[in-house]
Amino acid sequence: MDFRYSTEHDDLRASLRGLLLAAAPAERVREVAADDGHDRELWQRLCGDLELPGLHLPLDAGGAGGTLVEAAIAFEELGRALAPVPMAASVFAIEAVRRMGDGEQWARLLPGMLAGARTGTLAAAGPDATDHEAVTVRVEQIDGRTVLTGEVSPVLHGHVADLFVVPAAIGGRVVLHVVASGAPGVAVQRLSSFDATRPVARLRLDRAPAESLTAGPPDGIEQVLDTARVLLAAEMLGGAERCLAMAVEYARSRRQFDRAIGSFQAVKHLCAEMSIEIDATRAAVMFAAMSAADNDELRITGPLAKAQAADTFTLCAGAAFQIHGGIAFTWEHDMHLYFRRAKTTEALFGGSSYHRSILADRIGI
């Protein structure tokens, strides 16, 4: 396998970066974050013009017929821009339906989410989505109907979602279920979020009608989560790259003692450390995305890439904070937005220690 990006990959990256520079500058990101965190106009462009949610889906599922490499490139650029759109929420829900749904569910649920007409989200953000004793939603059968009862939080972009994919316990196992936001017994409450650019909500279910996704393999939920881990790693890579770029730009322009602070050894070392970690993370994300078609590889590279990228993003955000000094703490500066994204994304599906522990379990250490 040739682990290099193609000319088409470079063109996709350049096209998306140019679009985001024009449509999602920092001022626009802040404006949307102060509202409901969802730029609907940009989302429609990303879904309609670039077909981003379905880049890696096969043609028979309504996708573009690409691979996870194209999706990872998209996530990297969206993470670099902190684009205020429900890309992660929607793609994770789409991936769940694609891997665990049957043909009829594909035909009914996927087109709307792929086109941006309906927004989906995976109602799982912690490390316990596959543990039937720990999940907080239970399945009941009432008069032949499947209903769910329980509470889940935080749910990415839950307050704007039309469909929720909810892990729920039944018979000693966890099964994914689809719940419509307007169904009886469904209540959604927006929560305050440390990361204003990616809002979250609480989902409460009280005997809410649901349909199960059971057509996939026994380890299908883990495949969904591992795919999500790779894509989150790509997103964090983009954020880390932006932190380094901002730090270098500031170090070149900020002067102390009649010298640019970038000439100081301590600042050079911080930037060099950031660059080294970014290179390592780029290699991990690239390998994970390019080998993701092999589920045996995915179960190893998913947690590995997530842990590596989370550590890199938090390191780069912290180092960039040091280089910027006190100005980075102010609301007017963009640096704190990346720090907030780094800390919240690090915790998604469990922190780095958790992901290293499941990686150790999977390789038999």
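The values are calculated or read from the model by the stated rules, or taken from the named source; none is laboratory data. Everything quoted here is computed from the prediction, not taken from an experiment. Every residue, glycine among them, receives a Cβ derived from its backbone with ideal geometry; neighbour counts consider all protein chains shown.
Odds and ends about this structure:
- Scan of the range 243-281 for residues that are farther than 21 Å from Gln308 by Cα and among the charged types (D, E, K, R), ordered by number: Glu249, Arg252, Arg254, Arg255, Asp258, Arg259, Lys268
- Residue that is of a type in the set (Asp, Glu) and free of Cβ contacts under 8 Å to residues at least 40 places away in the same chain, where the choices are Glu133, Glu140: Glu133
- Residue that is nearest to the chain's Cα centre (by Cα), among those in the range 1-33 that are exposed (fewer than 10 other Cβ atoms within 10 Å of the Cβ) and in a loop (DSSP other than H, G, I, E, B): Arg4
- Screening Ile142 against (1) crowded, with 22+ Cβ neighbours inside 10 Å; (2) more than 15 Å from Ala89 (Cβ to Cβ); (3) of a type in the set (Val, Ile, Thr) leaves a single unmet condition, (1).
- The selection criterion, being part of a helix (DSSP H, G or I), surrounded by 24 or more Cβ atoms within 10 Å (Cβ to Cβ) and touching a helix residue (DSSP H, G or I) at 6+ places or on another chain (Cβ under 6 Å), holds for Ala317.
- The number of residues in the range 262-288 being surrounded by fewer than 19 Cβ atoms within 10 Å (Cβ to Cβ) and either of a type in the set (A, V, I, L, M) or not assigned by TED's automatic domain parsing to the domain that holds Val230 (or both) comes to 5.
- Taken across the range 300-309, residues that are in the same structural domain as Ala251 (by TED's automatic domain parsing) and surrounded by fewer than 19 Cβ atoms within 10 Å (Cβ to Cβ) do occur, with at least one present.
- When Gly238, Gly171, Gly185 are screened for being surrounded by fewer than 16 Cβ atoms within 10 Å (Cβ to Cβ) and modelled with pLDDT of 95 or more, only Gly185 passes.
- Among residues of the range 112-139, those that are buried (at least 18 other Cβ atoms within 10 Å of the Cβ), part of a loop (DSSP other than H, G, I, E, B) and of a type in the set (Ser, Thr, Tyr), counted: 2
- Filter pass, Gly302 being under 23 Å from Arg17 (Cβ atoms), in a helix (DSSP H, G or I) and touching an Asp or Glu at 6+ places or on another chain (Cβ under 6 Å): no
- Residues satisfying the stated conditions in the range 58-78, i.e. at pLDDT 95 or above and among the hydrophobic types (A, V, I, L, M, F, W, C): Leu68, Val69, Ala71, Ala72, Ile73, Ala74, Phe75, Leu78
- On inspection, Phe339 passes the criterion of being free of Cβ contacts under 8 Å to residues at least 40 places away in the same chain, at negative phi and either buried (at least 20 other Cβ atoms within 10 Å of the Cβ) or hydrophobic (A, V, I, L, M, F, W, C) (or both).
- Yes/no for Phe349 being at positive phi and in the same structural domain as Ala245 (by TED's automatic domain parsing): yes
- For the range 314-329, the set of residues classified as small (Gly, Ala, Ser) and farther than 21 Å from Thr344 by Cα consists of Gly325, Gly326, listed by residue number.
- If you go through the range 43-89 and keep only what is farther than 27 Å from Ala342 by Cβ, over 18 Å from the mean Cα position of the chain (by Cα) and in a helix (DSSP H, G or I), you end up with Gln44, Gly48, Leu59, Asp60, Ala61.
- From the list Arg40, Arg45, Arg98, Arg108, the lone residue that is within 19 Å of Val179 (Cα to Cα), surrounded by fewer than 22 Cβ atoms within 10 Å (Cβ to Cβ) and outside the structural domain of Thr197 (by TED's automatic domain parsing) is Arg108.
- Within the range 187-203, the set of residues being polar (S, T, N, Q) and in contact (Cβ under 8 Å) with a residue 12 or more places away in the chain comprises Gln189, Ser193, Thr197.
- Of everything in the range 248-260 that is of a type in the set (Gly, Ala, Ser) and assigned to a helix (DSSP H, G or I), the residue that is farthest from Ile323 (Cα to Cα) is Ser253.
- So Val85, is it among the hydrophobic types (A, V, I, L, M, F, W, C), under 24 Å from Met286 (Cβ atoms) and either in contact (Cβ under 8 Å) with a residue 24 or more places away in the chain or not assigned by TED's automatic domain parsing to the domain that holds Lys306 (or both): yes
- Hits in the range 204-235 - residues which are crowded, with 22+ Cβ neighbours inside 10 Å and either without any contact (Cβ under 8 Å) to a residue 60 or more places away in the chain or of a type in the set (Lys, Arg) (or both): Arg229
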